[in-house]
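I have placed the structure first, in the form of structure tokens, so that the comments after it can refer back to it.
The numbers here are math on the coordinates, done by the rules we state, and not lab data. Not measured: the values here are computed from a predicted model. Because the Cβ atoms are built from the backbone with ideal geometry, glycine has one as well, and the counts that use them run over all protein chains shown.
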Amino acid sequence: MSHVFPRHTKSVLPTVAGGDGCYLIDAEGKRYLDCGDAAVSCLGHSNPAVIKAVQEQVEKIAFAHTGFMTSEPAEALADLLIEHAPGDLDRVYFVSGGSEATEAAIKLARQYFLEMGQPERRRVIARRQSYHGNTLGALSAGGNEWRRAQFAPLLIEMSHIAPCYEYAEKPEGENSFDYGQRVANELEAEILRLGPETVMAFMAEPVVGATLGAVPAVEGYFKRIREICDQYGVLLILDEVMCGMGRTGHLFACDHDGVAPDILCIAKGLGAGYQPIGAMLCSGAIYDAISNGSGFFQHGHTYIGHPVATAAALAVVRELTGRDLPARAGVMGDKLNAALESAFGQHPNVGDIRGRGLFRGIELVADRDSKAPFDPALGLAGKIKKAAVAEGLICYPMSGTRDGRNGDHILLAPPFIIEDAQIGELAEKLSRAISASLPR
Ligand code: PMP
């Protein structure tokens, strides 16, 4: 009997025994094409440079508390990230994962306004159908009803405006740009409703991952969001935990929108799965406010700036930038999109195929014309996940796309080293998994 507390207590999982490029291998020797557990593996599972970096760092020194010492890999990684970061992001705060990054961002925004003598700024606005992590602060920011429901009494009150979700929410007859401006303007309306002097930050994902299934905002949306934040002195926090680190074809997803945040959260692809690591990047102005004020960010975890984790991430970012892998994600992403269009473009239950780079989503609908989702009681996403695993394909089907438990999508986020043949394999396996799962 296992003593591990699994995610689903009734499921029996294969045991992972190895990895080879884009494949995971279980203890029976079965190979699974890894097209996005949760968009972590950007370099595949056997990258020699990252493995070597981890081994060398463990041998040198595995841990020293950042309250006492910094480390070479942490310093070099921060330099490299800032060299490529958008806007005036100037400092990097390392954490161990995505929720820690968004949580730290919320606390940093709060402390920034305290240092600036604006203690009444305490509210965060985010969007409906969003996910920013599972710790209570991060879960409070997220607007996914199903994830929030049972913990709601413990959550901090936050406001949620509409997401920018063109396929499901743009009325026919409205053009994309106008739609984007209109939903962005909901931020302004909400800031005015709450009182600008009480709002500290707006948080959003440039390309929405888990909750919507690789949904990018329409052109102009984030530019308008940035304008509104600037007008009311509200900090813009972008959550690139899933869509960042090259996945969308740019090292940072917001580069596509031509918008730089005040605080940027990254994780997943930063460690590429070789080590658990996340980071929060902030502007020089925010850092200076704290540095010139109390001089102490009142936050911290034992493993921030962990030498082995930062050594792994340093090797990952060197691979990404040195081999121009975000550009490859862009090229292979176009090929993946073409393969998905050819496999599912005419499928009666595929309503939308979308995304950027190697971050793609397929939305499943009961009816293409009305875009009506399937009955949640069918548990379609769960069935597809199971059927895909049986086929030897790891992907990320999710329910709750539209709201609560309504709507199903499949998120695809393969490693950037994926080849043409594996894109074909992905489309074939996914096609069989979907066919086996749809109601007859
Ligand atoms: N933000 C986003 C956008 C995410 O997709 C996730 C994880 N799926 C998180 C935050 C939380 O990251 P973690 O699971 O590493 O805590």
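The eigenvalues of the Cα gyration tensor, multiplied by 5 and square-rooted, give the range 1-120 an equivalent ellipsoid with semi-axes of 35, 22, 16 Å from largest to smallest. List the aspartates and glutamates whose Cα lies under 20 Å from the Cα of Lys383, skipping any in the same chain that are fewer than 8 positions away. Answer for Lys383, where 20 Å is the Cα cut-off: Asp34, Asp37, Asp352, Glu363, Asp367, Asp375, Glu391, Asp403, Asp408, Glu425, Glu428, listed by chain and number. Considering the range 126-241 at the alpha-carbon level, its Rg and Dmax are found to be 13.8, 41 Å. Think of it as helices only: each DSSP H run of n ≥ 4 in the chain is worth -39500 (n - 2.57), and spread over all residues that comes to -12000 deg cm²/dmol at 222 nm. Highest mean packing comes first when the peptides 226-233, 9-16 are listed by Cβ atoms within 10 Å, giving 226-233, 9-16. Potential lengthening of the chain between Leu194 and Arg368 amounts to 58.8 nm, from the contour at 0.36 nm per residue minus the alpha-carbon distance.
Nearest 0.05, what FRET efficiency do Ile61 and Ala436 give at R0 = 60 Å with Cβ-Cβ as r? Rounded to the nearest 0.05, the efficiency is 0.75.
Each part gets one Cα centre, and for the range 91-116 versus the range 1-39 those centres are 33 Å apart. Cross-link pairs exceeding 23 Å in C-alpha to C-alpha distance, out of Lys170/Lys385; Lys170/Lys371; Lys107/Lys268; Lys52/Lys429; Lys371/Lys429; Lys30/Lys386, comprise Lys170/Lys385; Lys52/Lys429; Lys371/Lys429.
Amide H to amide H distances under 5 Å link Asp90 with Cys282, Ser283, Gly284, where only residues 5 or more positions off or on other chains count and H is placed in the peptide plane.
Here the label points at Arg31 and Ala285, each 7 Å from Cα along the C-beta direction, are separated by 5.2 nm in the simple model.
Summarised in one figure, the compactness ratio Rg/Rh of the range 298-440, Cα atoms and Kirkwood Rh, is 1.07. Would you please give the FRET efficiency between Arg318 and Phe296, computed as 1/(1 + (r/R0)^6) with r the Cβ-Cβ distance and R0 = 35 Å, to the nearest 0.05? After rounding to 0.05, the efficiency reads 0.65.
Between Gln181 and Tyr232, the FRET efficiency from the beta-carbon distance, with R0 = 22 Å, is close to 0.85. Counting only Cα atoms, the chain measures 63, 59, 44 Å along its principal axes, largest extent leading. Applying a length cut-off of 30 Å (Cα extent along the axis) and a mean Kyte-Doolittle floor of 1.6 to the DSSP H helices of the chain leaves no helix. Label positions at Ser2 and Asp90, each projected 7 Å from the Cα along the C-beta direction, are separated by 4.8 nm.
Each of the peptides 367-376, 387-396 was scored by the mean count of other Cβ atoms within 10 Å over its residues; in descending order, highest first, they stand as 387-396, 367-376. Evaluated with a Cβ-only charge set (Lys, Arg +1; Asp, Glu -1), the range 49-322 carries a dipole of roughly 640 debye about its Cα centre, given to the nearest 20. At what distance in nm do the modelled label points of Asp375 and Ile82 sit from each other, each positioned 7 Å from its Cα along Cα→Cβ? Distance between the two pseudo-spin positions: 5.8 nm. Most simply put, the chain has about 70% antiparallel DSSP beta bridges, counting only bridges with both residues inside it.
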